[in-house]
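Throughout, read-outs are computed from the coordinates displayed, never taken from laboratory work. As the structure is a prediction and not an experimental result, all values here were calculated from the model. Reconstructed Cβ throughout: ideal geometry from the backbone, glycine too, with neighbour counts over all protein chains shown.
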Amino acid sequence: MLRVEHEIARKILDYRELIKLKNTYVDVLPTLISKRTGRIHTSFNQAVAATGRLSSVNPNLQNIPIRTPRGQEIRKAFVPRGPEFLIMSADYSQIELRIMAAFSGDKTMLDAFNNGVDIHTQTASKVFHVGLDEVTSDMRRKAKTINFGIIYGISSFGLSQRLKIPRKEAAQIIEEYFAGFPAVKDYIDQCIEKARGFGYAETILGRRRYLRDINSRNQTDRMFAERNAVNAPIQGSAADMLKIAMIRIHEFMLQERLKSKMILTVHDELVFDAHRDEIEFLSVRVDDIMKNAIPMAVRMETGIGVGENWLLAH
DNA sequence: AATTTCACG
DNA sequence: ACGTACGTGAAATTA
């Protein structure tokens with residue numbers, strides 16, 4: 001029996017969560033506080049991730065817990081430098097799906113974003129053939145999984161596993177998705193075709209990811225490369241956008257001689273140690289720079305939060 | 001040294 | 001018949 005509801009299974013999972021958080025974060029991070037600065041300093045790799053993302057090592061500050069209550073207690077430990085400062089977090093909302101909308105030019109998806117319609121609700125409406133106001137929370141949750149699948153390179157098997165439904169049902173849902181967003185289907189096919197021809201996929205700024213298995217006779221290798229051909233331009237263009245924004249924000253902060261500092265980047269998020277008196281100005285400028293870093297055929301949205309610690313800044 | 005597990009986007 | 005969601009890093013376990 002694979003029932004997570006059984007007491008022992010729940011206890012094991014609970015124990016694993018606890019041990020993970022203790023061993024990886026609670027026992028380690030305090031030992032990494034610099035004597036000189038009183039802070040934890042990470043290093044960013046700029047040439048490790050195949051898509052052009054940064055990665056963070058020694059320690060990795062891009063995987064600080066947030067999803068569980070106990071994990072959130074750890075995130076709360078990240079605080080500003082002093083009483084005159086607050087943590088400010090600015091993140092892109094649905095950046096990868098927005099890029100998918102812009103690249104594919106899918107009218108329904110673009111309209112949803114440009115009119116402020118919740119994208120997962122929009123997807124649920126199309127896939128389950130109900131009105132936008134008839135989408136239930138369960139339908140929206142499933143649509144969210146589907147949308148992630150689209151970005152990652154979907155298969156009926158993969159979707160069936162994650163939704164815990166029969167494979168045939170998953171295949172049906174994928175069909176409905178492509179019927180509802182036909183330009184997305186065309187875009188995905190185009191990504192793969194281009195990669196077959198060139199031997200690489202590229203981002204909006206021209207960063208290439210070479211895909212040596214794109215024409216492989218080994219089906220598993222080839223299909224993996226095909227998913228990369230779809231995902232790399234999206235994930236990589238999001239990385240391009242955030243990096244452009246970071247450069248411009250850094251320049252602006254120098255020009256303005258701000259006391260605030262940009263202290264961390266987490267794929268679609270920037271974190272600031274922000275002086276209380278600068279927050280109004282800083283947030284407006286950061287928001288503007290992020291939204292306009294790379295103009296696309298879709299409106300970019302950001303979420304900005306401020307708080308006494310990193311958790312509260314969300 | 002390679003694999004597994006699990007933390008994040 | 002096969003094997004299956006994208007990108008990472010760290011700690012523990014296996015070999």
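A simple rule links phi to the HN-Hα coupling: the Karplus curve 6.51 cos²θ - 1.76 cosθ + 1.60 with θ = phi - 60°, which for the range A:258-270 gives 6, 7, 5, 10, 7, 10, 6, 10, 10, 6, 9, 9, 10 Hz, with x for Gly and Pro. Counting only alpha carbon atoms, the long axis of helix A:167-180 and the longest principal axis of chain A meet at about 80°. Across the range A:3-136, the mean sequence separation of Cα contacts (distance under 8 Å, 6 or more residues apart), normalised by length, yields a relative contact order of 9 percent.
For A:Lys164, a cut-off of 26 angstrom between C-alpha atoms picks up these lysines, skipping any fewer than 8 places away in its own chain: A:Lys11, A:Lys126, A:Lys142, A:Lys144, A:Lys185.
By the count of neighbouring beta-carbon atoms within 10 Å, fewest first, A:Asp138, A:Asp240, A:Asp133, A:Asp186 end up ordered A:Asp133, A:Asp138, A:Asp186, A:Asp240. With 0.36 nm allotted per residue and the present C-alpha distance subtracted, the A:Glu202-A:Val266 stretch has 20.9 nm of extension available.
Checking the a/c ratio against 1.5 first, then a/b against b/c, what shape does the Cα gyration tensor give for the range A:196-314?
Here the range A:196-314 falls in the prolate category.
In a simple Cβ point-charge model (Lys, Arg +1; Asp, Glu -1; nothing else charged), chain A has a dipole of about 1120 debye relative to its Cα centre.
As a proxy for reagent exposure, ranking A:Glu169, A:Glu96 by other Cβ atoms within 10 Å from fewest up yields A:Glu169, A:Glu96. Residues of the range A:276-305 falling in the label zone of A:Gln190, defined by backbone nitrogen less than 20 Å from a point 7 Å along Cα to beta-carbon, are A:294-300.
For a footprinting-style exposure proxy, rank A:Val284, A:Val230 by other Cβ within 10 Å, fewest first.
Fewest-to-most Cβ neighbours within 10 Å comes out as A:Val284, A:Val230.
For the range A:245-266, the residues whose backbone nitrogen is under 18 Å from a point 7 Å from the Cα of A:Thr37, taken along Cα to Cβ, are A:247, A:250-251, A:253-254, A:258-266. Here the spin labels are modelled as points 7 Å beyond Cα on the Cα-Cβ line, and at A:Phe281 and A:Leu312 they lie 2.4 nm apart.
Summary of the geometry: the range A:81-120 and the range A:292-314, compared by the centres of their Cα atoms, lie 8 Å apart. Computed from point charges on the beta carbon alone (+1 for Lys and Arg, -1 for Asp and Glu), the dipole magnitude for the range A:54-103 about its Cα centre is near 160 Debye. Which whole-angstrom value gives the distance between the alpha carbon centres of the range A:268-286 and the range A:16-64? Their Cα centres are 23 Å away from one another.
How would the range A:136-232 be classified by its alpha-carbon gyration tensor: rounded, prolate or oblate, with rounded meaning a/c under 1.5 and the a/b versus b/c comparison settling the rest? Here the range A:136-232 falls in the prolate category.
Of all aspartates and glutamates in the structure, the ones whose alpha carbon falls short of 19 Å from that of A:Lys76, not counting any fewer than 8 places away in one chain, are A:Glu17, A:Asp27, A:Glu84, A:Asp91, A:Glu269, A:Asp273, A:Glu308. Can you tally the net charge around A:Val184? Count Lys and Arg as +1, Asp and Glu as -1, for every other residue whose Cβ sits under 14 Å from the Cβ of A:Val184. My count for the surroundings of A:Val184 gives -3. Positive end of the dipole of the range A:44-130 (Cβ unit charges, origin at the Cα centre): among A:Pro80, A:Ile99, A:Pro69, the Cα lying farthest that way belongs to A:Pro69. Rg/Rh for chain A to two decimals, with Rh computed the Kirkwood way over all alpha-carbon pairs. Here the Rg-to-Rh quotient is 0.99.
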